[in-house]
Structure formats: C-alpha cells, structure tokens
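Take a look at the structure set out below.
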Amino acid sequence: MVSEFLKLASWSERRVSFSHYRTKDQDEVDVVIEDRRGRVVGIEVKASATVPQDFRGLRQLQEGVRDRLCAGWCCTTITV
C-alpha cells in the first residue's frame with residue numbers, strides 16, 4: 001500500500017513527504033504524509049478487524065501535531 005501512495009504522489013503537482021510515526025509506547029501510524037505547508041494526514045493500515053483500538057496511534061499523532069492534522073484514516077485489508 002505504501003508503494004501505491006508513493007506512486008500516486010509522484011504524479012501529483014503537490015509535493016509531500018512520507019514518514020512513519022511511533023511513540024515510546026509502540027503506538028504507531030503506518031504512513032504519515034506531510035505537505036510543504038505542514039499539513040499532516042495519518043494512515044493506519046491493518047489486516048484485522050481490531051479497528052477501535054487501532055486509533056491509539058492516530059490519537060497520539062494528533063496530540064503531537066495538533067491542528068496541523070487534516071485527516072486520519074484507519075484502513076483494514078481484506079484477504080480473499
């Protein structure tokens with residue numbers, strides 16, 4: 001999924017940077033996207049149905065970047 005984000009970003013006129021976020025307590029956000037204005041989007045990707053507890057990392061990211069967080073997504077993948 002990360003490689004798809006990178007591919008899409010290479011086609012965009014808007015320049016963004018990608019990173020990963022992890023706290024000392026191991027709460028994490030898989031993909032953090034930041035544009036040149038400092039706006040942040042957090043994306044957490046899970047292969048399970050534990051969505052309610054998976055918002056911990058996004059909440060920690062929000063505390064860290066405050067009002068710069070524009071969106072936070074928690075996505076689950078489905079194996080068929």
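Values quoted throughout were computed directly from the atomic coordinates according to the rules given, and no laboratory measurement underlies them. These numbers were taken from a predicted model, which means no experiment stands behind them. With ideal geometry, Cβ positions are generated from the backbone for all residues, glycine too; neighbour counts draw on all protein chains shown.
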Q: Can you find, among T23, A47, L8, the residue farthest towards the positive end of the dipole of the stretch 2-76? Put +1 on the C-beta of Lys and Arg, -1 on that of Asp and Glu.
A: L8
Q | Sorted peptide list for 13-24, 55-66, criterion being average Cβ within 10 angstrom, highest first | A | 55-66, 13-24
Q | Options G57, G38, W73, ranked by Cα towards positive dipole end of the stretch 2-76, top entry (Cβ charges) | A | G38
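Give, in whole angstrom and from largest to smallest, the semi-axes √(5λ) of the equivalent ellipsoid of the chain, with λ running over the eigenvalues of the Cα gyration tensor.
Largest first, the chain gives 21, 18, 9 Å.
Residue separation times 0.36 nm, minus the C-alpha to C-alpha distance between S10 and C75: what's the value?
Answer, rounded to one decimal: 21.2 nm.
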Q) Say each of S19 and R37 gets a label point 7 Å from the Cα, pointing the same way as Cα to Cβ; how far apart are those two points in nm? A) 1.9 nm
